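What follows is a set of notes on a single structure, which appears directly below.
The values are calculated or read from the model by the stated rules, or taken from the named source; none is laboratory data. In this text, all values refer to a predicted model and were calculated from it rather than measured experimentally. Methodologically, a virtual Cβ is constructed for each residue, glycine included, from the backbone with ideal geometry; neighbour enumeration extends over all protein chains shown. Just the protein is used for accessible areas: all its heavy atoms, side chains included, with ligands, DNA and RNA removed. Shrake-Rupley method; radii C 1.70, N 1.55, O 1.52, S 1.80 Å.
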Amino acid sequence: MSKRVVVIDYGSGNLRSAERALERAGADVTVTDDLAAAAEAEGLVVPGVGAFAACMAGIEALGAGPVIAERVAANRPVLGICVGMQVLFEHGDEHGVVTKGLGLLPGGVTKLPAERLPHMGWNTVDAAAGSVLFAGLPADARFYFVHSYAVTDVAGLAAGGAAVTTARHGADFVAGVERGALSAAQFHPEKSADTGAVLLRNWLSTL
C-alpha cells in the first residue's frame with residue numbers, strides 16, 4: 001500500500017514538484033495547510049524556498065511549528081527540504097538579521113564562505129556512514145542544490161547524535177541529516193532526477 005504523506009503548505013513555493021516526485025516514488029501525497037492531516041500522516045514533508053525568515057513567518061502564521069516538533073518528539077517521520085531543512089535548526093542569520101528557527105537540531109544557518117553564490121547546480125555528497133537516505137547510491141551520485149546559506153558546523157551537529165552527510169562549496173556544509181525519524185536535505189531531491197528518486201524511495205521505506 002502507498003504510504004500517506006503530507007507536504008505542508010505554509011505559503012512556501014515548490015510544493016507541486018515535491019508532490020509529483022513523491023507520487024512517482026510511490027507515495028499517496030496530499031498538499032495541505034491542514035494541521036490535523038499533517039499530524040496524522042505517516043510521513044510529513046516540510047518544503048522551503050527563499051529566505052529563512054519568510055519561511056519561519058509562514059510556519060508561525062499557520063501554527064505548524066508545534067505539529068512538526070510533536071512529530072519529532074514522538075519519533076514520527078519528518079523530511080525537511082532546502083529551507084525546510086534550515087528552519088529545523090536553532091536560528092538563521094541572513095543579511096545580518098538573526099531569525100529563530102524551530103530548534104529541533106543544534107546549530108545555525110549562515111552565509112556560505114564562497115566566492116560564487118548562490119551555490120547552484122549539481123554536486124556530489126559525502127554520505128554519512130550507515131545512511132538510510134543515501135543507501136544504494138554510488139559515491140559519485142549528484143544532487144541539485146540552490147542556496148547561499150547553510151549549516152557549516154558539521155562537527156557540532158554530529159556531536160548531537162545526528163548522522164551528517166556533507167558537501168563542499170567554499171567550505172564543508174551539511175547536505176543531509178538523519179536523527180531518529182527526522183531527516184533533511186539541503187538539496188532538492190525532487191529536482192535531482194534518478195538520484196533524488198532513490199533518496200525519496202529510501203525515505204518512504206522508513207514510514
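General observations
- Region 1-16: number of residues that are open to solvent by less than 40 Å² (accessible area, probe 1.4 Å) and at pLDDT 95 or above: 5
- Evaluating residue 116 against the criteria (1) loosely packed, with under 15 Cβ neighbours inside 10 Å; (2) farther than 18 Å from residue 168 by Cα leaves one unmet condition, (2).
- The helices (runs of 4 or more DSSP H) located wholly in region 1-89 that include 1 or more residues which are under 21 Å from residue 144 (Cα atoms) and of a type in the set (Ser, Thr, Tyr) occupy 15-24.
- The set of residues in region 127-157 that are touching a Pro at 6+ places or on another chain (Cβ under 7 Å), without any contact (Cβ under 8 Å) to a residue 60 or more places away in the chain and not hydrophobic (A, V, I, L, M, F, W, C) comprises 148, 156.
- Region 115-126 residues that are touching a residue at least 12 places away in the same chain (Cβ under 8 Å), paired with ones that are among the charged types (D, E, K, R) (beta carbon under 7 Å, 6 or more apart): 122/142; 123/142; 124/140; 124/142
- Check on residue 134, closer than 24 Å to residue 68 by Cα and among the aromatic types (Phe, Trp, Tyr): yes
- Selection count where residues are part of a loop (DSSP other than H, G, I, E, B), without any contact (Cβ under 8 Å) to a residue 40 or more places away in the chain and crowded, with 17+ Cβ neighbours inside 10 Å, scope region 91-113: 0
- Residues of region 149-207 that are touching a Ser or Thr at 6+ places or on another chain (Cβ under 8 Å), open to solvent by 20 Å² or more (accessible area, probe 1.4 Å) and assigned to a helix (DSSP H, G or I): 154, 190, 191.
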